[in-house]
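Each value in this text was obtained by applying a stated rule to the coordinates, not by laboratory testing. The structure presented is a predicted model; accordingly, all values stated were derived computationally and were not measured. Positions of Cβ are generated from backbone atoms using ideal geometry, with glycine treated the same way; all protein chains shown enter the neighbour counts.
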Amino acid sequence: MNPKLSLLQPYPFERLRQLFAGVTPNPAHQAISLGIGEPKHATPALLKQALADALETGLAGYPATGGEPGLRAACAAWLQRRYGVSVDPATQVLPVNGSREALFAFAQTVIDPTREGATVVFPNPFYQIYEGATLLGGALPHCVASDPARNFAPDWDSVPAEVWSRTQLLYVCSPGNPTGAVMPLDEWRKLFALSDQHGFVIASDECYSEIYFRDEPPLGGLQAAKELGRTDFRRLVAFTSLSKRSNAPGLRSGFVAGDAALIKPFLLYRTYHGGAMSPAVQAASVAAWGDEDHVVENRRLYREKFAQVTPLLAEVLEVALPDAAFYLWAGVPARFASHTPGLSADEAFARALLAQYNVTVLPGSYLAREVGGHNPGTGRIRMALVAESAECLEAAQRIHRFVSDAR
Ligand SMILES: Cc1ncc(COP(=O)(O)O)c(C=O)c1O
């Protein structure tokens, strides 16, 4: 067996199952899960129709890994409309089967494990795929804390020059999961300068870009590059997805765009890996990228929901409306730290909340790693507000009662 498999950590939901083992949720309440970040709003009819129409011919042949020119053009046109950036659909865009597999596969393309101390840097807490991709790629992870003190911006200045010098890949996540923070232009400027100095590649994970709560849409990585005069997008690839934008996590469709010198070897890797997208999914994706009405409506639903739920929870938890994405990343009262021996405050909170009110939230410590004695997720919980408004509001009311009763 591949010995690197033994390096993988248990996935957060596996740890949650263990935490909840032996807990009987209060039967007086219907179960509500704010645990998994899976979109639950309706998939738009135009996407389903395009998929159904394409089934007539769409399953009869092997697709090319590079995708149909029409899909690449639709992706490039969306980037132009959304960010005002121009990419060459033939050389700077590649369809992928959701951003998850692409974020993983990209590391396998970029990392050279034969170089001493090969390192991948990413924020802490983080989307778990970054770590698995790093370890299976034969590199060392270096996690950078995103603390509330800096409005959840990762503390890039804390990374020693010696670590940057052996860094081959940097994952950034903006809007962030779980923090919802959007990276401003100054942060991009800093990271581009570090990339120029040390030669590492930047993978910009942007799958939450269309769900935002400020007037200004989140800045994208390619957009930041363009604004800083880097129109060749050197050493930068952005990852985006229809899963959240178009409520289609089961479609498995996204794309990457950026530096042609990285897209080319990535296509080569994907050809062997088997990363081609079904022609039917490609047709549905063209329809989805070409329509913004459903995206505006989707965003409206999230805004309405967050406007109802956030102030209520802010009365009992340390939480505020995020820049973007669909999570609340909340601090729990310190008294939960001594609630259950052997459990951190976030674990104790999640376990007791399930037992008393049948609401599932994810302990923040499961999404982060302890570095230098500090786990930036400890004492926080992640709540995914993906269900319909009424259900999320009901969950918030129960959490309010739970925290108030536990005073
Ligand atoms: C930060 C982040 N990146 C990427 C993904 C992958 O999404 P998909 O593979 O559906 O595009 C997720 C999914 O939850 C995520 O939270």
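Tabulated values for the structure
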item	result
Scan of segment 183-203 for residues that are surrounded by fewer than 19 Cβ atoms within 10 Å (Cβ to Cβ) and touching a Ser or Thr at 6+ places or on another chain (Cβ under 7 Å), ordered by number	HIS198
Residue check, ASN247 on the phi > 0 side of the Ramachandran plot and either within 16 Å of the ligand (Cβ to nearest atom) or of a type outside the set (A, V, I, L, M) (or both)	yes
Single condition MET277 does not satisfy, out of (1) surrounded by fewer than 22 Cβ atoms within 10 Å (Cβ to Cβ); (2) closer than 30 Å to PRO63 by Cβ; (3) touching a strand residue (DSSP E or B) at 6+ places or on another chain (Cβ under 6 Å)	(1)
Subset of segment 87-124 (residues that are free of Cβ contacts under 8 Å to residues at least 60 places away in the same chain and more than 30 Å from SER158 (Cβ to Cβ))	PRO89, ALA90
Residue among LEU343, LEU328 that alone is in contact with a helix residue (DSSP H, G or I) (Cβ under 9 Å, 6 or more places away or on another chain) and within 16 Å of the ligand (Cβ to nearest atom)	LEU328
Any hit, segment 253-273, residues being within 13 Å of the ligand (Cβ to nearest atom), farther than 25 Å from GLN223 by Cβ and outside any strand (DSSP E or B)	no
Residue satisfying all of: in segment 362-407; among the polar types (S, T, N, Q) and under 23 Å from the mean Cα position of the chain (by Cα); surrounded by the most Cβ atoms within 10 Å (Cβ to Cβ) among these	SER365
Segment 304-361, residues that are assigned to a loop (DSSP other than H, G, I, E, B) and either β-branched (Val, Ile, Thr) or within 22 Å of the chain's Cα centre (by Cα) (or both)	VAL316, VAL319, ALA320, LEU321, PRO322, ASP323, ALA325, PHE326, VAL332, THR340, VAL361
Of residues in segment 1-30 being touching a strand residue (DSSP E or B) at 6+ places or on another chain (Cβ under 9 Å) and in a loop (DSSP other than H, G, I, E, B), the one surrounded by the most Cβ atoms within 10 Å (Cβ to Cβ)	PRO25
Exclusive hit being buried (at least 24 other Cβ atoms within 10 Å of the Cβ), within 16 Å of the ligand (Cβ to nearest atom) and within 20 Å of VAL85 (Cα to Cα), set GLY221, GLY180	GLY221
